[in-house]
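To keep things clear, I will list the structure first and then write my remarks on it.
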Amino acid sequence: MTSSSSVRIVDSADVSAEASIGAGSSIWHLAQVREDARLGENCIVGRGAYIGTGVVMGDNCKVQNYALVYEPAKLGDGVFIGPAVVLTNDTYPRAINADGSQKSAHDWEPVGVTIERGASIGARATCVAPVTIGAWATVAAGAVVVKDVPAYALVAGVPARRLGWVGEAGIPLVAADDDGVWACPSTGARYVETDGTLSKEIV
């Protein structure tokens, strides 16, 4: 179902009648949105992308071409998922049980990836559930995330490690004059680092 006639779903997309699609959202060619998925307003699901059963997306999210968002992932408002990103949902994947029988949906418990407001996941990155990507964090292209990422962190590599901090504009922060204070070269916003976490300075 859709919440508004302003939703755009192209003919080749496969969108379940049991999915909820917010006003202003677009589902593009060959994308699939499964049962009970809930997409907020003004979301974009690109060509060939997959949104799993019961996935929850906030408003203004972008899921780029061929990304795979497996249930039970939860995306906050303004999350960016780059092309061919994978959000996994099985900690110990197997096609068969120990006795050789084929695994069914009842033989495992899905675990999800949580991505908080404004965070971005670069092209072909993989987030191995269960992990949480903090608000406004950036995961570099091709990274493999196997542990939680703090808010505002810039992580890269296999496995992903923090290389620095980014601001809400997505630009790497630079050290300010004060110890433990970082500044955005684009907006001038300042952030304070305390014990390995970053928070925006209250003006």
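The values are calculated or read from the model by the stated rules, or taken from the named source; none is laboratory data. Predicted model, so just to flag it, every value in this text is computed and none were measured. Counting neighbours? That spans all protein chains shown, and the Cβs are built from the backbone with ideal geometry, glycine included.
A search for C-beta distances below 7 Å between a residue of the range 105-123 that is surrounded by fewer than 17 Cβ atoms within 10 Å (Cβ to Cβ) and any residue that is among the basic types (Lys, Arg) and not in a loop (DSSP other than H, G, I, E, B), counting only pairs 6+ apart in sequence or on different chains, returns nothing.
Can you say whether residue 33 is modelled with pLDDT of 95 or more, within 13 Å of the chain's Cα centre (by Cα) and within 29 Å of residue 170 (Cα to Cα), as far as the supplied structure shows? For residue 33, the condition - modelled with pLDDT of 95 or more, within 13 Å of the chain's Cα centre (by Cα) and within 29 Å of residue 170 (Cα to Cα) - is not met.
Please go through the range 47-98 and give me each residue that is aromatic (Phe, Trp, Tyr), under 11 Å from the mean Cα position of the chain (by Cα) and not in a loop (DSSP other than H, G, I, E, B), ordered by number.
Residue satisfying the conditions is 80 alone.
Among the residues examined, residue 138 qualifies as over 20 Å from residue 28 (Cβ atoms) and modelled with pLDDT of 95 or more.
If you go through the range 90-104 and keep only what is more than 19 Å from residue 68 (Cβ to Cβ), out of contact with any strand residue (DSSP E or B) (no Cβ under 7 Å at 6 or more places or on another chain) and exposed (fewer than 10 other Cβ atoms within 10 Å of the Cβ), you end up with 98, 99, 100, 101, 104. Of the residues making up the range 19-46, those that are part of a loop (DSSP other than H, G, I, E, B) and either farther than 19 Å from residue 59 by Cα or touching a Phe, Trp or Tyr at 6+ places or on another chain (Cβ under 9 Å) (or both) are 29, 30, 31, 34, 46.
Cβ separations smaller than 8 Å between residues 6+ apart or across chains give the following pairs from the range 135-150 residues that are on the phi > 0 side of the Ramachandran plot and touching a residue at least 24 places away in the same chain (Cβ under 8 Å) to residues that are outside any loop (DSSP other than H, G, I, E, B) and among the aliphatic types (A, V, I, L, M): 136/166. With respect to (1) on the phi < 0 side of the Ramachandran plot; (2) surrounded by fewer than 24 Cβ atoms within 10 Å (Cβ to Cβ), the lone exception for residue 78 is condition (1). So, of the residues in the range 47-75 that are among the basic types (Lys, Arg) and touching a Phe, Trp or Tyr at 6+ places or on another chain (Cβ under 9 Å), which turns out to be surrounded by the most Cβ atoms within 10 Å (Cβ to Cβ)? The extreme case among them is 62.
A single entry from 149, 113 fulfils the requirement of being under 20 Å from residue 66 (Cα atoms) and under 13 Å from the mean Cα position of the chain (by Cα): 113. Name the residues in the range 87-104 that are out of contact with any Phe, Trp or Tyr (no Cβ under 8 Å at 6 or more places or on another chain) and touching a residue at least 24 places away in the same chain (Cβ under 8 Å), would you? Hit for the range 87-104 is 91, nothing else. Check whether at least one residue in the range 27-35 is in contact with a strand residue (DSSP E or B) (Cβ under 9 Å, 6 or more places away or on another chain), more than 17 Å from residue 120 (Cβ to Cβ), in contact (Cβ under 8 Å) with a residue 40 or more places away in the chain and aromatic (Phe, Trp, Tyr), and report yes or no. For the range 27-35, residues in contact with a strand residue (DSSP E or B) (Cβ under 9 Å, 6 or more places away or on another chain), more than 17 Å from residue 120 (Cβ to Cβ), in contact (Cβ under 8 Å) with a residue 40 or more places away in the chain and aromatic (Phe, Trp, Tyr): absent.
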